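Report on the following structure.
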Amino acid sequence: MVAVDVGRAGELVAALASAGRDLESAAQAARHHLHAVGEPSGAPALVEDVAAWTRRTGSELASRTEQVVHLDTVAVSRVGGLGAAGRPGVAAPAGGATDGEEGRFHLDVRGVGDLDHLFLQLAAVGVLDRCPPPGDVPGRARLFATLPADLVDGLTRQAPAAIGGADGVPFALRDRANRLLLAREIARLEGLGSTASVADRRLLRDLRTWQRDTDLMVVKLDAARGRVVLARGDLDRATHVAVLVPGAGLTIEELSRRHLGWLDGLHARMGDHGGPGRAGVVLWLDYDSPAQLVPQAVRRQAATDAATRLPAFLEGIAGVERELVTTLGHSYGSVVLGRSLADHPGRLATDQVVALGSPGMGVQLSRHLHLREDQRLYAATLAGDPIAHVGQWNPLVGEAGRAVHGPDPRRLGVARTIELSTHDLPDADPLQRHMQYLEEGSSALGVLAGLASGRTASGAPGRGRPGPPAPGHRVPAG
């Protein structure tokens, strides 16, 4: 239990108002001085602009601070004994107005969609005596471990977008917050009635399915942007985690057609290798998947944008003690992996990187990937997958001899090539073959599940985390 320092917040509001008055007085004094010296051209207008800005800024800051301490839903109690000597990061009580004998305050954080902003609001009113720097995923995790359960409960109910979308927050809590957002989106779509589009109705169908599936973990949901992260398994406890980054042409509405089957199949097969409860599998669609192969998918912008979020997500995954983390990129998803490695050297917290049906990883040379010595890169392309023949030169830029997204990762010289058999896959046209890497019941799925479970591609037990890669090594299908 923790106190809101209403006295401190009130002092802040008063100080802002006083600062506004002082600035107005200074502006008035400047007007008199300019009048005395002859009012240089443009100076009076400048003074008026400054005065208007100070009044507006002071008023806005005071208003926002008052909103932070507005009496509403999140209840936090006033007791002593906390702070640096008790729970790190949680402020000791400093007095202020109370509500009844229990000394309960109320804090309104409704509508706050960013966790760092939420932390700053809590610090401003004395709930936290310090908060982690923006984007500090390990710092968020450490802070959440200290927060009282009733405070976390209230924050989750009031600001589910801030909790559900933040890396470093416990995954079970993110699921709870995102299911609140899921219910809201379902209610919104149901409210459209006969005006709902075909896409709206498909989305509503899928969201209802996810809502009923209590074993599905909703790690992130941003329906407005068409982004979602789903998982199977207990991500707060799983020892082996596989993160799958899908490729182009995928939206939330289309996700349930095939990719949830990939998620389920990979999780089940990893469970066969490692035992129940040890496996966690994530489907990461927290980026704007290129809508079409041409021209969007032959450009790197979507991958570069995704690379600003994937490293932080994997930091959150690595924040829990794991034996092995494997990140798989299918098709354009492998470009996302390549750009994440290239643009953020050393930050991709994964032991194994697997490029499936890759058009290239967005780099021209292996050294551009900045692989750590303890990271291993694998690559696999099914026989008959036309991705193996994707542009040996880029028609959009006219550079003959240069592949659209760089060379096939199997030819980068640092990748281990996985030989995936197609003998037990149904016959398919070339485009369908490109989508059969994680086909339910296939030996290819078994090979990849074994790899993510810490076993060799042939099914033999591995020896923990991978060592340095053997350039050009070929891994048989087993």
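Results, tabulated for the structure shown:
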{"read-out": "Tally of residues being closer than 24 Å to His267 by Cβ and touching a residue at least 60 places away in the same chain (Cβ under 8 Å) across the stretch 413-438", "value": "5"}
{"read-out": "Members of the stretch 350-373 found to be out of contact with any Pro (no Cβ under 7 Å at 6 or more places or on another chain) and within 22 Å of Thr239 (Cβ to Cβ), listed by number", "value": "Thr350, Val353, Val354, Arg372"}
{"read-out": "Hey, Met270 part of a helix (DSSP H, G or I), touching a strand residue (DSSP E or B) at 6+ places or on another chain (Cβ under 7 Å) and surrounded by 18 or more Cβ atoms within 10 Å (Cβ to Cβ) or not", "value": "yes"}
{"read-out": "Of residues in the stretch 292-309 being at pLDDT 70 or above and surrounded by fewer than 16 Cβ atoms within 10 Å (Cβ to Cβ), the one farthest from the chain's Cα centre (by Cα)", "value": "Gln301"}
{"read-out": "Evaluation of Leu181 against (1) hydrophobic (A, V, I, L, M, F, W, C); (2) in the same structural domain as Val228 (by TED's automatic domain parsing); (3) within 14 Å of the chain's Cα centre (by Cα) (one fails), failing number", "value": "(3)"}
{"read-out": "Verdict on Leu412 being at pLDDT 75 or above, in the same structural domain as Thr304 (by TED's automatic domain parsing), crowded, with 24+ Cβ neighbours inside 10 Å and under 25 Å from Thr308 (Cα atoms)", "value": "yes"}
{"read-out": "Ala183 being surrounded by 18 or more Cβ atoms within 10 Å (Cβ to Cβ) and either closer than 21 Å to Ile252 by Cβ or at pLDDT 95 or above (or both)", "value": "no"}
{"read-out": "In the stretch 126-158, residue farthest from Asp175 (Cα to Cα) [restricted to those that are touching a Lys or Arg at 6+ places or on another chain (Cβ under 7 Å), crowded, with 17+ Cβ neighbours inside 10 Å and touching a residue at least 24 places away in the same chain (Cβ under 8 Å)]", "value": "Gly126"}
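The values are calculated or read from the model by the stated rules, or taken from the named source; none is laboratory data. Quick caveat: nothing in here was measured; it's all calculated off a predicted structure. Don't worry about glycine lacking a Cβ; one is built from the backbone with ideal geometry, like all the others, and counts go over all protein chains shown.
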